[in-house]
Amino acid sequence: MIQYLPFEKPIAALDKHVVEAAGTPEAQMLSERAEKLLADTYARLSPWERTLVARHPQRPRFERLVAGLFTDFLPIAGDRTFGDDHAIIGGFARFEGRKVVVIGHVKGEDTPGRLKHNFGMARPEGYRKAIRLMDLADRFGLPVVTLVDTPGAFPGVDAEARGQAEAIARSTEACLALGVPLIAVIIGEGGSGGAVALAAANRVLMCEHAVYSVISPEGCASILWRSGAKAADAAEAMKVTATDLLKLGVIHRIVYEPKGGAHRNPDEMVKRMALALRSELDALAPLSAEELRAEREAFFLSLG
């Protein structure tokens with residue numbers, strides 16, 4: 001069962017008519033109308049509506065994508081300093097037979113899972129675990145793939161007490177210093193430094209209906225207008241969409257989603273992501289460590 005978003009009410013109503021008309025002469029006509037309405041609606045989504053799609057509870061996230069894209073996934077736990085953070089998970093894997101290191105934010109699939117993974121908001125030990133994994137990737141010459149999906153790093157007192165800002169900065173530094181290819185994919189929300197800490201990459205890819213920004217639209221609205229009700233206006237002004245960010249040169253590539261969003265056809269989304277990853281890994285494979293670092297540095301220094 002698809003969970004419909006607020007702007008999808010006309011789609012939901014038409015889908016209901018399609019089900020009710022099953023086996024009747026009108027069924028084919030209604031089905032075609034429903035398909036066209038879905039395509040037309042998603043072709044003209046506003047930035048705020050894309051934000052809602054990026055947060056859709058059925059959107060394929062880290063666990064689903066890792067299961068579909070990689071084999072022999074072996075997660076590594078702990079930062080060897082404080083503990084293990086469940087908001088960031090990573091480990092060794094194979095992508096189409098190629099050895100890689102995979103790191104990503106995990107939001108959780110249900111209420112217990114979201115609480116366990118802290119809604120994808122990592123504490124310092126999560127970023128230090130990511131650094132540990134990147135160091136291992138560098139040592140063994142393995143490309144790194146990161147799957148970014150977080151509203152931002154956890155802002156709690158305990159995280160600040162353990163050096164949240166320093167951990168984020170060190171993780172960003174580790175990305176930039178890697179001597180192996182690093183590909184980051186914004187799969188849902190890419191929020192603030194909590195996202196950049198895993199996305200200072202040679203190639204920054206972004207799913208079509210993902211969003212990427214320095215702050216959430218609600219957070220921006222609360223600062224500028226003192227009201228979260230202005231979130232839609234903030235999303236428009238912030239240029240959070242993949243299309244806007246590609247034009248601005250903040251990302252390298254858009255991974256287009258199936259009609260109606262990745263949550264309507266996760267298997268097809270996996271295929272499209274596999275194609276994009278294969279292409280980028282092949283392109284980066286011939287580059288030396290020095291060339292990879294220089295390319296990364298040039299890209300991020302060019303922003304703004």
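Report, by chain and number, residues whose modeled amide H sits under 5 Å from the one on Glu109, excluding near sequence neighbours (fewer than 5 apart, same chain).
Arg114
Viscosity 0.692 mPa s, temperature 37 °C: what is the translational diffusion coefficient of the range 1-130 from Stokes-Einstein with a Kirkwood Rh over Cα pairs, rounded to a whole number of µm²/s?
185 µm²/s
Sort Asp244, Asp85 by Cβ crowding within 10 Å, fewest neighbours at the top.
Asp244, Asp85
Which angle from 0 to 90°, rounded to the nearest 10, does the C-alpha axis of helix 9-20 make with the longest principal axis of the chain?
Roughly 60 degrees, rounded to the nearest 10.
Excluding same-chain residues fewer than 8 positions from Lys36, which lysines have a Cα within less than 23 Å of its Cα?
Once the sequence-local lysines are set aside, what remains near Lys36 is Lys9, Lys16, Lys259.
Between the alpha-carbon centers of the range 1-40 and the range 213-229, tell me the distance in whole angstrom.
Taking the Cα centre of each part, the range 1-40 and the range 213-229 sit 34 Å apart.
How tilted is helix 164-177 with respect to the longest principal axis of the chain? Cα atoms for both, answer in degrees (0 to 90, nearest 10).
Around 80 degrees separate the two axes.
Calculate one ³J(HN,Hα) per residue across the range 202-209 by plugging θ = phi - 60° into the Karplus curve 6.51 cos²θ - 1.76 cosθ + 1.60, and present them in order as whole Hz with x for glycine and proline.
Result, rounded to whole Hz: 5, 10, 10, 9, 9, 5, 3, 9.
Can you give the log10 of the normalised intensity I(q)/I(0) at q = 0.15, 0.23, 0.25 Å⁻¹, computed with Debye over equal Cα scatterers of the range 53-147?
-0.57, -1.18, -1.30
With both bridge residues required to lie in the chain, what share of the DSSP beta bridges run antiparallel, to the nearest 5%?
So the antiparallel bridges amount to about 40 percent of the total.
Quick one: helix 289-302 against the long Cα principal axis of the chain, what's the angle to the nearest 10°, folded into 0 to 90?
The angle comes out near 60 degrees.
What do you get for trypsin sites (Lys or Arg not before Pro) in the range 7-45 restricted to DSSP loop and a cutoff of at most 10 other Cβ within 10 Å of the site's Cβ?
Passing both the DSSP loop test and the Cβ count: Arg44.
Among all the lysines, which ones have a C-alpha under 24 Å from Lys116's C-alpha, if same-chain residues fewer than 8 places away are not counted?
Cα-Cα hits under 24 Å: Lys107, Lys129.
Counting other beta carbons within 10 Å of each residue's own, what order do Leu198, Leu5 fall into, fewest first?
Leu5, Leu198
P(r) of the range 108-219 in 10 Å steps, Cα pairs, percent per bin?
15, 45, 33, 6, 0
What Kirkwood hydrodynamic radius, in Å, does the chain give when the mean of 1/r is taken over all pairs of distinct Cα atoms and then inverted?
Across the chain, the inverse of the average 1/r is 20.0 Å.
Identify which of Leu224, Leu38, Leu74 has the largest mean-square fluctuation in a Gaussian network model of the chain, with springs joining Cα atoms closer than 10 Å.
Highest fluctuation of the listed residues: Leu224.
Could you give me the ³J(HN,Hα) list for the range 119-134, computed from phi with Karplus coefficients 6.51, -1.76, 1.60 and θ = phi - 60°, whole Hz, x at Gly and Pro?
With the stated coefficients, the range 119-134 comes to 6, x, 9, 7, 9, x, 5, x, 5, 6, 5, 4, 4, 4, 5, 5 Hz.
What are the lysines whose alpha-carbon lies under 18 Å from the alpha-carbon of Lys230, with same-chain residues fewer than 8 places away excluded?
Candidates past the 8-residue exclusion: Lys239.
Give me Tyr256, Tyr212, Tyr127 ranked fewest to most by other Cβ atoms within 10 Å of their Cβ, as a rough exposure proxy.
Exposure proxy ranking, most exposed first: Tyr256, Tyr212, Tyr127.
Just flag the trypsin sites (Lys or Arg not before Pro) in the range 246-297 sitting in loop per DSSP whose Cβ has no more than 14 other Cβ atoms within 10 Å.
Answer in residue order: Lys259.
Given R₀ = 25 Å, FRET efficiency for Glu35-Arg55 by Cβ-Cβ distance, to 0.05?
The formula returns an efficiency of 0.55 here.
Kirkwood hydrodynamic radius, the range 187-304, all distinct C-alpha pairs: what's the number in Å?
Computed over the range 187-304, the radius equals 15.7 Å.
Computed from the coordinates by the stated procedures, all read-outs in this text should not be read as laboratory data. Here the structure is a predicted model, which is why all the values come from computation and not from measurement. Cβ coordinates were reconstructed from backbone atoms using ideal geometry, including for glycine residues, and neighbour counts include every protein chain displayed.
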